[in-house]
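What follows is calculated from the coordinates using simple rules that are stated; it is not laboratory data. These numbers come from a predicted model, not from an experiment. No Cβ is skipped: glycine too gets one built from the backbone with ideal geometry, and neighbour counts run over all protein chains shown.
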Amino acid sequence: RILEANMDEASYTGLVERLDEPHHVTTELIALAKTTRAELDGYLKEIKRNSEGVDQLSLDPNEPETLADRIAPLLNLDLEKKQDLLETMDPKERLEKVFERMLEESEIKKLEKKLKERVQGQIGRTQKEYYLNEQIKAIQKELGTGEDGKAEMEEYEKTIEETKLSKEAEDVARKELKKLKLMSPMSAEANVVRNYLDTLLGMPWGEKTEDNFDLKRAEEILNEDHYGLDKVKERIVEYLAVAKKVGKMRGPIICLVGPPGVGKTSLARSVARALGRKFTRVSLGGIRDEAEIRGHRRTYIGALPGKIIQALKKAKSNNPLLLLDEVDKMTQGVMGDPAAALLEVLDSEQNNTFMDHYLEVEYDLSDVLFFCTANTLAGIPPALMDRMEMINLPGYTELEKENIAIQHLIQKQQEENGLAKNQVTFRRDAIVEVIQRYTREAGVRNLEREIGKICRKVATQLVRKPSTKRVTVTPKRVTDFLGVPRYKHDVVEGANEVGVATGMAWTSMGGELLFTEVSLMHGTGKLQITGRLGEVMKESAQAALSYVRSNASKLGIQSGLFAKTDIHIHFPEGAIPKDGPSAGVTLTTAIVSAFTRIPVRKTISMTGEITLRGKVLQIGGLKEKLLAARRGGVQEALVPWDNQKDLAEVPGEIKRALKITPLKYVMDYIQLALERVPEPIADPDGPDTPAAELEKGVIQPGSGVAPISPTVYTRPN
């Protein structure tokens, strides 16, 4: 015990008294020590303290005098209680205090644990209740019994009331809504019904735009958006004028037929803008399932309405201009013929009750203005073609392409490539260079790409050299910008040749000159035709040879030559497919030239289908063929007599620059195309001798022209 304490800066000193503990061990003390030692293990377990270090301590209950001193440090005691234990001298009393403190600590830990468990349990119940409440809300939402479910059903009811549904559609919608209310929320059919109601109520029932029948405005829009195409524009204006007089747009379905890039889709878009109608487009290319048109029945998983209904829903109008693009590209498959499904859609007498398999209610399509597009008529079934009025877009002439480039394409590409109008200038001869040597198409799609490429090159040049303020595109710069020319148009040049005649062909890319070569060899009368020709063109060559053989004496040819001469007819550029009957007069002229050894005039080109009687029939694509002749340096073009009506479509500058001669008979072609007229000869082996013909008065001596009597050939009406 400390009796006196002295504390200075150097050290602590004091006066202490030694206290001796009583050493008398009793049975009661030993019993208390054993009880305390046993309670210690429970206490340590209660407070979750590791007992490994405790086991190393000497806690023998048979030594009760020191047991309290060894246990006390293990207890969580404050300073006052520790001091009290130190001042307690009696071992029994000190051990009792340790035992009491240990029991108190143990009770406190038990209470803390119980309290913690109670709090955690309460929190767990709260979380569980929240989770269950959320599940109940979700179930109620699906069942329609909750607030969200009720709101959804009320929204459907409101939409049905406000939408101008037909009587049939309204009945079906209410029936489906009633079914939805009774359905299990987790069933797949509930989602099917919900999707059906969304589609049915999302259709533009009664939603229409007002038509604008201002013809002057329509003409301005068409001229603003498209250059040329005068016949097409005239027909569309007539269509609008009739609609204005009648008061509605019920009329023929217009089908725009032409090669790619001539503006079929953009023309339909311009018509929609002129009318003030919404425009929507359906691509039919590659469709081979009639369900794509009529829709799938709802019994199928993932069923959807047809493309017609989807387009109207997207347009949000019941009277849009609906463009059916590429109607010639549909194919018949195992799931039906989509072209047959279009018959009802495009029939003005039936489409007011069009039935889509998905909607299963009648929908009125009579107010929809249908436009169709196709590249050719070959892929359109006759029944479908009968429901449409065909308007042909044959393609643009080179002059039209020049004007389109100047008025539309250059300005568009300047804006897309960030060029000001004064930063780049295209010379007209540069545009002609791009058209003739870098594109070969009926439309202007590739022309626009090439102009865009030039504009990008110019923009790059201006950025790299800020000192450059303006770039003028010349033919030479076109080559610098676009590289080596890709195409070369055929041009007549050189001296007149034997067995080589110049024809005119019409392709989807426009007109081309078609050179025909005939070579004769000793042989057995075989005919060989090369140049990747179609069946019609091969038959035309056989017809030309038959005509020459049957009129050999009139053409100054010994008929016996055919039996001992092999004939090879070749059309250059063998990689390009060629077909059609219009090369008949060209083949005949080349064969006659080869047998008579009379050269054919290079400055003359010709076209026309022949008959075995020598009559020349009309052909198609006259405008494009004459453009090719003018471009190739031809001075005179020989055309069928019956094609004179088509000359009205030929541009005036072409008719002024090119001599166009309409002819009726093959002999007329031969007389004008050869350098000199072949003289008739007496051929005892031939079917008719010149002497017999002279007696009939058919051949005039020295004229060389032998027309066939009109009474021999009568063209069917």
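Values for this structure:
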{"read-out": "Potential lengthening between Ala38 and Asp90 on full extension [0.36 nm per residue; Cα-Cα distance subtracted]", "value": "16.6 nm"}
{"read-out": "Cysteines, the chain, no other Cys beta-carbon under 4.7 Å", "value": "Cys455"}
{"read-out": "Helix 27-46 vs. the chain, principal-axis angle (Cα, 0 to 90°, nearest 10)", "value": "10"}
{"read-out": "Long-range amide H partners of Gly336 with built H, under 5 Å", "value": "Glu290"}
{"read-out": "Linear extension gain, Arg217 paired with Asp171, 0.36 nm per residue minus alpha-carbon span", "value": "12.2 nm"}
{"read-out": "Stretch gain in nm, segment Asn195-Val119, where the contour uses 0.36 nm per residue and the Cα spacing is subtracted", "value": "22.6 nm"}
{"read-out": "Long-range HN-HN contacts of Phe354 with modeled amide H, under 5 Å", "value": "Tyr363, Leu365"}
{"read-out": "Rounded tilt (10° steps) of 230-246 against the dominant C-alpha axis of the chain", "value": "70"}
{"read-out": "R0 of 35 Å, Cβ-Cβ distance Lys316-Met153: FRET efficiency to nearest 0.05", "value": "0.90"}
{"read-out": "17 Å reach of a label modelled at Gln635, 7 Å along Cα-to-Cβ, counting backbone N of the range 595-610", "value": "599-606"}
{"read-out": "Distant-in-sequence amide H partners of Phe426 (H built 1.01 Å from N, under 5 Å)", "value": "Val473"}
{"read-out": "Label zone at Gln332 (point 7 Å along Cα-to-Cβ), backbone N below 15 Å, the range 268-306", "value": "288-290"}
{"read-out": "Modelled FRET efficiency - R0 56 Å, Thr66 with Leu132, Cβ distances, 0.05 increments", "value": "0.40"}
{"read-out": "Reach of Lys116 by Cα under 28 Å, taken over lysines that are not fewer than 8 positions away in the same chain", "value": "Lys45, Lys48, Lys81, Lys128"}
{"read-out": "Backbone N under 17 Å from the Thr209 label point (7 Å along Cα→Cβ), restricted to the range 296-332", "value": "311-324"}
{"read-out": "Inter-label distance, nm, simple model (7 Å from Cα along the C-beta direction), His522/Glu224", "value": "7.6"}
{"read-out": "Two-site label geometry, Val246 and Gln436: point separation in nm, points 7 Å out along Cα→Cβ", "value": "4.7"}
{"read-out": "From phi via Karplus (6.51, -1.76, 1.60), per-residue ³J(HN,Hα) for the range 255-260 in Hz, x at Gly/Pro", "value": "10, 8, 10, x, x, x"}
{"read-out": "Neighbour-count ranking [beta-carbon atoms within 10 angstrom, fewest first] of Val432, Val585", "value": "Val432, Val585"}
{"read-out": "Neighbour-count order for Ile2, Ile108, Ile660, fewest beta carbons within 10 angstrom listed first", "value": "Ile2, Ile108, Ile660"}
{"read-out": "Nearby lysines by direct alpha-carbon distance to Lys538 (threshold 25 angstrom, same-chain neighbours under 8 apart not counted)", "value": "Lys526, Lys554, Lys564, Lys578, Lys602, Lys615, Lys623, Lys625, Lys664"}
{"read-out": "Packing-based exposure ordering (other Cβ within 10 Å, fewest first) of Leu182, Leu561, Leu638", "value": "Leu182, Leu561, Leu638"}
